[in-house]
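The values are calculated or read from the model by the stated rules, or taken from the named source; none is laboratory data. As the structure is a computational prediction, the values presented were derived from the model and not from experiment. Positions of Cβ are generated from backbone atoms using ideal geometry, with glycine treated the same way; all protein chains shown enter the neighbour counts. The accessibility values were calculated without ligands, DNA or RNA, using every heavy atom of the protein model including side chains. Shrake-Rupley method; radii C 1.70, N 1.55, O 1.52, S 1.80 Å.
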Amino acid sequence: MALPLFAQALTAAQARIAAAARRAGRDPGAVELIAVSKTHPAARVEEALAAGHTSFGENRVQEAAGKFPALRSTHPGLRLHLIGPLQSNKTAEAVALFDVVHTLDRAKLAEALAKEMAKQRRRPSLFIQVNTGEEPQKAGVAPAACATLLRLAREELRLPVVGLMCIPPVAEPPAPHFALLAKLARDLDLPQLSMGMSGDFEAAVELGATQVRLGSALFGGRA
Ligand SMILES: *Cc1c(COP(=O)(O)O)cnc(C)c1O
């Protein structure tokens, strides 16, 4: 019998991640694959869970709040990543729902997260999102301001910052952006790098990604 579609796509993506890691002399096991389930119904997430996958990414707090609490009650090992912008007024809901937030990008949000984490006694891991292309419309802290935000978050607020995240400009080759993010993380002594999507994850893995965020490569196109 043929494998279900998600399982096939997952196997193919894992093989490509492993090959890219080996090309760079890296351990393929050091790369976490986050299945980005935004816009897809809970049934698709169930299909992924049935295939043994437990790590998911969503870009909207509201959408994730509608889909995941029920799935979590039946799959306690599920890990949920917020990969889209977080408004300060959604901080409480995000801290309650997510295990990892990839989009810390400003002081006000760091302060709101610290307050909520203390209140809820829950500490999701954090990535600082860096706007490596310095695009005016894009979220993320400017590369030159990253150290200052990290100092506030890690030293003053004692937040669990684990790494950096970026989304390269669509019209540019992604590799220089991945290389810049990797260098920043090295300089700041941060071990993890959330970078690489369906169109560019192999380049990201070759340049050190520890988290790749794959939507269409696993679930197909979005409406
Ligand atoms: C949607 C999204 C992804 C996944 O995109 P694909 O190209 O479908 O793999 C990854 N990261 C972020 C931040 C996203 O918003």
Please list the non-local residues whose amide H lies under 5 Å from the amide H of G215, H modeled 1.01 Å from N, same-chain partners needing a gap of 5 or more. V36, S198
Around L188, under 11 Å between beta carbons, what's the net of Lys plus Arg minus Asp minus Glu among the other residues? +2
Quotient of Cα radius of gyration and Kirkwood radius for the chain, i.e. Rg/Rh, equals 0.95
First select every other residue whose beta carbon is under 14 angstrom from the beta carbon of L80; then total the charges, Lys and Arg +1, Asp and Glu -1. +2
Where in the chain are the DSSP H helices whose C-alpha atoms run 24 Å or more along the long axis and whose mean Kyte hydropathy is at least -1.0? 5-23
Within the accessible area of the chain, what % is carbon and sulfur when the probe is 1.4 Å and the other protein chains stay in place? 55 percent
Leaving out same-chain residues fewer than 8 places away, which lysines sit with a Cα under 29 Å from that of K119? K38, K67, K90, K108
